[in-house]
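Reading through the structure tokens given below for one structure.
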Amino acid sequence: MSAQHALQKSAPVAGLEYLEYVEADGVGLLTINRPMVHNAIGLTTMPELERVLAHLETSPTLSVLVLTGAGDKTFISGGDLKELEQLTTHQAAASMSRQMQTLMSRLSDLPVPVIGAINGDSFGGGCEVALACDIRIASSHARFAFKQVTMGITPAWGGRSRLVELVGRSIALRLMLSGQVIDAAEAMRLGLVDAVVEPGSARDSAIALAQQIAANPRGAVCAIKHQVHHGRGLVGEGAIEFEANSFAQTWVSEDHLKAMETWKRRR
């Protein structure tokens, strides 16, 4: 049985048409399920994404989230241009951008780690969604491109700042200004992805890593993400106090006390 099939236990968010969400044993799998439009995200997809995020933000049992696209050809092709044609004014376009930036920030800010299973091509807004994940595992046949410039527009979903943080200003500008398509190996070399796996295995590889993470105490998993996510930019005394307080909270936790008891018994 594949790691993906092992998750088919519960679907806690009902009534989804464009997304699929299942979870089991601390691992959630969120799939953008719009294969007819190459998993593009449109105006009809965004409310469903908001509903799923509301569940994820408050789930007391979720330890890791895996995000992927349906099929094996495309992760997310970007925005659904047919739906986005409805945005005919400056105000409407800016409103959509704000909505998606907020949703991507909520995805990135989840208390649990988010693993992107990049199962295929990731273009335009799809790259922006991928960069909102904490860890990215890509199929070797996946391709990446910030193609917004070829359509006469800019990134709109928060990917610009995340790209600069990952690869630096000059490489980010090169990718965004050219619309250049790069393969998974080049994406890994640049730091856009963290691992490249055989075609068809991105989901299972991501789920296997998620299960390995979820086997650890949830409090420590969330605390480590909090350290990395919120400790950026801290220096000096502020950095020292931040890490000391984070560590101390886990040191006196029930999870740590149980782990210590187990360690003593093994000794």
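The values are calculated or read from the model by the stated rules, or taken from the named source; none is laboratory data. As the structure is a prediction and not an experimental result, all values here were calculated from the model. Neighbour counts run over all protein chains shown; Cβ positions are idealised from the backbone, glycine included.
Worth pointing out:
- Filter pass, Gly233 being at pLDDT below 95, more than 22 Å from Leu107 (Cα to Cα) and not in a strand (DSSP E or B): no
- Yes/no for Gln249 being at pLDDT below 95, outside the structural domain of His90 (by TED's automatic domain parsing) and closer than 30 Å to Arg98 by Cα: no
- The residue that is nearest to Asp25 (Cα to Cα), among those in region 173-208 that are part of a loop (DSSP other than H, G, I, E, B) and within 17 Å of the chain's Cα centre (by Cα), is Asp194.
- When region 49-65 is filtered for residues that are crowded, with 24+ Cβ neighbours inside 10 Å and either among the polar types (S, T, N, Q) or at pLDDT below 95 (or both), only Ser63 remains.
- Residue identified as buried (at least 19 other Cβ atoms within 10 Å of the Cβ) and either basic (Lys, Arg) or in contact with a Gly (Cβ under 7 Å, 6 or more places away or on another chain) (or both) among Arg174, Arg203, Arg169: Arg203
- Test: Ser108 is of a type in the set (Gly, Ala, Ser), surrounded by 15 or more Cβ atoms within 10 Å (Cβ to Cβ) and under 27 Å from Leu209 (Cα atoms): yes
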